[in-house]
Amino acid sequence: MDLFRLDGKVAVVTGGNRGLGGAMAYGLAKAGADIAIVQRSLEETEIASNIRTLGRKCKTFSYDLSNTDNMKRLVDVIQLEFRQIDILVNNAGVQRRSPAVDFSEEDWDVVMQVNAKSVFFLCQAAGREMLKQGKGKIINIASLLSFQGGFTVPAYAASKGAVMQFTKSLSNEWANKGVNVNAIAPGYMATDMNTALIKDETRNEQILQRIPAGRWGNPEDMVGAAIFLASDASNYVHGETITVDGGWMGR
């Protein structure tokens, strides 16, 4: 099981203060990693406190991912605090829902900026340092909508399609330099982003009928895939998108 240990590693998790990001941050810490959480505010969270209870170092860094101008500085500040970055989990994201004929340019730009552009440029900034080290693990959070179109979420589908594709592109360039770039595509997860769907009885029932596992996913369901892709167990895994979806894509 040492293949899955992350002792001595530093993991950066965007949006690691709650939901999927919080579960993955805590799971990586349980596997031995110290954690840098990137979120919009410096407000202390229960996740950070729980990570420290494990005996791991955890520090929160405030950054607005709708702005890509200072990505290098963000990486520099994290490295100054932790001295290295071994793992990057690009988890933070936003959602906007509207019929395509009414979808606003403002909503399109916000979703593409946070979900795609900021993810690529944080990969770039952290990747530069990983390439210098000759090793590193980048885990981008894609979606079922990397494969499918969805309804009333054209920008989200476009952004997550982009994430899956540039995950492959970066992998092609960096795989022979010791840097693994992969993605996880969560299915329907019981998080704040999906509250409206869960409360919609008709849509909720349609979704449940389509999931072979018969339930919505929980944030903790992401942890195993995250530890695998962050650890030495995945050293020969490059450019893949692992679905964690209760069987949705297999149906």
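The values are calculated or read from the model by the stated rules, or taken from the named source; none is laboratory data. Bear in mind that the values here come from a model prediction, so they are computed numbers and not experimental data. Because the Cβ atoms are built from the backbone with ideal geometry, glycine has one as well, and the counts that use them run over all protein chains shown. Protein only, heavy atoms only, side chains kept; ligands, DNA and RNA dropped before computing areas. Shrake-Rupley method; radii C 1.70, N 1.55, O 1.52, S 1.80 Å.
Laid out as a table, the results:
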| quantity | calculated |
| --- | --- |
| Residue count, region 1-15 (criterion: at pLDDT 95 or above and either assigned to a helix (DSSP H, G or I) or touching a Ser or Thr at 6+ places or on another chain (Cβ under 9 Å) (or both)) | 6 |
| Subset of region 69-94 that is outside any helix (DSSP H, G or I) and open to solvent by 30 Å² or more (accessible area, probe 1.4 Å) - its residue that is farthest from residue 161 (Cα to Cα) | 83 |
| Search result, residues across region 34-45 that are within 19 Å of the chain's Cα centre (by Cα) and either of a type outside the set (A, V, I, L, M, F, W, C) or surrounded by fewer than 11 Cβ atoms within 10 Å (Cβ to Cβ) (or both) | 34, 39, 40, 41, 45 |
| Criterion (open to solvent by 60 Å² or more (accessible area, probe 1.4 Å), out of contact with any Asp or Glu (no Cβ under 6 Å at 6 or more places or on another chain), modelled with pLDDT of 95 or more and at negative phi) met by exactly one of 30, 57 | 30 |
| Of all residues making up region 131-153, the number that are among the β-branched types (Val, Ile, Thr) and exposed (fewer than 15 other Cβ atoms within 10 Å of the Cβ) | 1 |
| Any hit, region 160-167, residues being in contact with a Leu (Cβ under 9 Å, 6 or more places away or on another chain), in contact (Cβ under 8 Å) with a residue 24 or more places away in the chain and under 29 Å from residue 218 (Cβ atoms) | yes |
| Counted residues, region 157-200 - those being of a type in the set (D, E, K, R) and under 22 Å from residue 19 (Cα atoms) | 4 |
| Region 95-130: number of residues that are surrounded by fewer than 18 Cβ atoms within 10 Å (Cβ to Cβ) and among the β-branched types (Val, Ile, Thr) | 2 |
| Test: residue in region 229-245 that is part of a strand (DSSP E or B) and either touching a Pro at 6+ places or on another chain (Cβ under 6 Å) or surrounded by fewer than 13 Cβ atoms within 10 Å (Cβ to Cβ) (or both) | yes |
